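Okay, here's the structure, questions in a sec.
The values are calculated or read from the model by the stated rules, or taken from the named source; none is laboratory data. All of these numbers come straight from a predicted model, not from anything done at the bench. Please note: Cβ atoms are built from the backbone with ideal geometry, for glycine as well, and neighbour counts cover all protein chains shown. Side chains included, ligands, DNA and RNA excluded: accessible areas come from the protein's heavy atoms. Shrake-Rupley method; radii C 1.70, N 1.55, O 1.52, S 1.80 Å.
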Amino acid sequence: MKNAIKWSSIALAVAMGNGLIVSQASAAVQNNGLILFQPSAAVENNEGFIESSSATLNNTTIYFSRDFRSAGAGQSKREETASGFVLNFESGYSRGPIGLGFDAISMMGIKLDSEQDDAGTGLLPSSFGNTGPANYAEIRGAVKAHIVEDTVLRYGVHLPSNPVIAYDRYRLLPSHYNGYSITNDSIDGLFVEAGRMNDRGEMASSSETDGALIPNEKLTYLGGNYAFSDHLSTTLYTSDAENLWKRHFAGLTYTLPLANEMSFTTDIAHYETSNESAIAEYDNNASSLALTLGAGNHAFGVAYQRMGGDAGFVYFDAAAYLANIVQYLDFNAKDERSYQARYDYDFAGLGIPGLTFMTRYITSDNIDTNFYTAVRRDSRWERDTNIKYTVQNGALEGLNLLWRNATIRQDDNLDGGDVDENRLIVSYTWDLL
């Protein structure tokens with residue numbers, strides 16, 4: 001009965017998430033004066049502070065269930081439902097050779113269902129449960145300057161997305177960083193950026209930590225990407241996380257067009273991490289190779305990933321651009337080797353546009369069990385299935401429905417042991433400006 005009641009409440013949230021529930025929560029966001037942003041790259045001309053402004057409001061409602069099959073005396077299940085709102089505002093730039101502007105990002109998370117024994121999904125602060133507050137919220141901003149058509153300076157909130165520092169959007173609300181950066185795209189096909197991040201706000205928190213990764217740590221980065229052609233591009237980045245590591249990344253993507261609406265894509269990624277910590281070991285080199293054959297509405301992929309060095313691949317945000325870092329597992333243990341097979345299908349081929357399907361299976365071996373306490377099994381596997389539908393027309397056009405399922409089997413003392421996971425996600429975005 002407990003699960004039936006929970007699923008009934010989720011079905012209600014799904015069915016009404018963009019009707020009554022959304023309108024009430026949206027009013028709550030507006031009444032609190034919350035605004036939010038999604039940063040963009042440089043624009044070619046300063047078209048005016050007001051004229052180029054934009055604003056969007058996104059609502060995401062998530063049911064999250066993670067069942068620890070081998071929990072022993074620990075927590076056996078995490079299960080919560082919450083609805084989140086992200087209000088983005090991005091101004092244009094004032095006219096002239098140096099254009100000035102500002103952005104703001106406002107977020108609110110609303111508890112729909114959370115019990116004390118099942119809390120800790122990452123949708124809500126871990127102290128939540130049936131005794132916790134009903135919502136949490138925050139607002140952050142940034143000032144920016146646009147110089148001579150192709151350079152942007154920024155200070156304040158950031159949502160970086162590159163191989164050495166990247167924000168998370170895997171739960172209800174996005175994580176974010178605070179610091180300063182510069183970007184430039186003056187050369188056709190080339191994008192370069194540099195920055196220093198000093199603080200970080202987590203996905204389930206309304207506060208920021210003292211450091212970009214963990215308290216008292218700062219992260220400096222430099223890099224970019226270059227497109228040699230429509231089919232070939234490369235990415236290079238370097239970073240320094242104070243008292244943790246120096247990390248470098250190199251990536252290459254090549255797509256070979258074939259006959260009959262077919263293509264063959266190769267993705268190569270490599271990280272080199274050198275240890276800078278006196279209390280932990282981060283020395284690692286990690287590589288992956290992914291091959292994908294696109295054939296009309298079908299895509300078939302395989303991938304190989306390997307870990308080397310004195311430790312596994314450690315990271316604290318979404319900056320992990322490797323093929324086998326997936327929904328739950330990262331296959332990033334010391335010396336681990338992993339292998340993936342994947343299939344994607346777009347149901348537009350059967351006359352159902354907006355419906356897509358993905359399934360993949362990853363297995364691994366060669367984990368250095370001597371490196372981890374009480375770990376005896378040197379292999380593990382994960383199976384994922386995603387089904388997504390975007391409403392194509394009518395009153396709910398643009399509404400996204402996503403079901404994500406994962407099954408994980410591994411040593412009981414490694415990354416949570418055996419896990420069965422389900423996520424049901426409903427999202428919609430309104431264009432306000």
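So which of 282, 221 ends up being within 30 Å of residue 123 (Cα to Cα), modelled with pLDDT of 90 or more and assigned to a loop (DSSP other than H, G, I, E, B)? Please lay out each step first, then the result.
Values: 221 fails: assigned to a loop (DSSP other than H, G, I, E, B).
On inspection, the qualifying residue turns out to be 282.
Among the residues of the stretch 256-294, which ones are open to solvent by 40 Å² or more (accessible area, probe 1.4 Å) and either among the hydroxyl-bearing types (Ser, Thr, Tyr) or in contact with a Pro (Cβ under 9 Å, 6 or more places away or on another chain) (or both)?
Within the stretch 256-294, 264, 274, 292 meet the criteria.
When residues of the stretch 163-186 are filtered for being assigned to a strand (DSSP E or B) and touching a strand residue (DSSP E or B) at 6+ places or on another chain (Cβ under 6 Å), how many remain?
The initial filter retains those residues of the stretch 163-186 that are assigned to a strand (DSSP E or B), namely 165-166, 176-184.
Next cut, touching a strand residue (DSSP E or B) at 6+ places or on another chain (Cβ under 6 Å) only: 165, 176-184.
Residues that pass the stated criteria total 10.
While we're on this one: Consider residue 324 carefully, then state whether it is polar (S, T, N, Q) and over 18 Å from residue 404 (Cβ atoms). Full working, then the answer.
Values: polar (S, T, N, Q): yes; over 18 Å from residue 404 (Cβ atoms): no.
For residue 324, the condition - polar (S, T, N, Q) and over 18 Å from residue 404 (Cβ atoms) - is not met.
Continuing with the same structure: Before we move on, is residue 249 assigned to a strand (DSSP E or B) and open to solvent by 30 Å² or more (accessible area, probe 1.4 Å)?
Numbers: assigned to a strand (DSSP E or B): yes; open to solvent by 30 Å² or more (accessible area, probe 1.4 Å): no.
Here the answer is no, as residue 249 does not meet what is asked.
Of all residues in the stretch 370-383, which are crowded, with 18+ Cβ neighbours inside 10 Å and either farther than 11 Å from residue 410 by Cβ or under 23 Å from the mean Cα position of the chain (by Cα) (or both)?
382
Now for a separate question. Which of the residues spanning the stretch 313-362 are in a strand (DSSP E or B) and either farther than 30 Å from residue 261 by Cβ or open to solvent by less than 50 Å² (accessible area, probe 1.4 Å) (or both)?
Listed by number, the residues that qualify are 337, 338, 340, 344, 345, 355, 358, 359, 360, 362.
Output the qualifying pairs, or none if there are none: Cβ atoms under 7 angstrom, residues six or more apart or on different chains, first residue in the stretch 123-134 and over 18 Å from residue 61 (Cβ atoms) and at pLDDT 70 or above, second residue outside any loop (DSSP other than H, G, I, E, B) and open to solvent by 70 Å² or more (accessible area, probe 1.4 Å).
Every condition considered, the pairs that remain are 129/116; 130/116; 131/116.
Are there any pairs with C-beta distances below 6 angstrom linking a residue in the stretch 295-307 that is open to solvent by less than 70 Å² (accessible area, probe 1.4 Å) to a residue that is assigned to a strand (DSSP E or B) and of a type in the set (A, V, I, L, M, F, W, C), with the two at least 6 apart or on different chains, and if so which?
These pairs meet every condition: 295/262; 303/290; 307/286.
Okay, residues lined up against (1) surrounded by 18 or more Cβ atoms within 10 Å (Cβ to Cβ); (2) farther than 20 Å from residue 244 by Cβ; (3) over 20 Å from the mean Cα position of the chain (by Cα):
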| position | (1), (2), (3) |
| --- | --- |
| 141 | no, yes, yes |
| 148 | no, yes, yes |
| 154 | yes, yes, yes |
| 165 | yes, no, no |
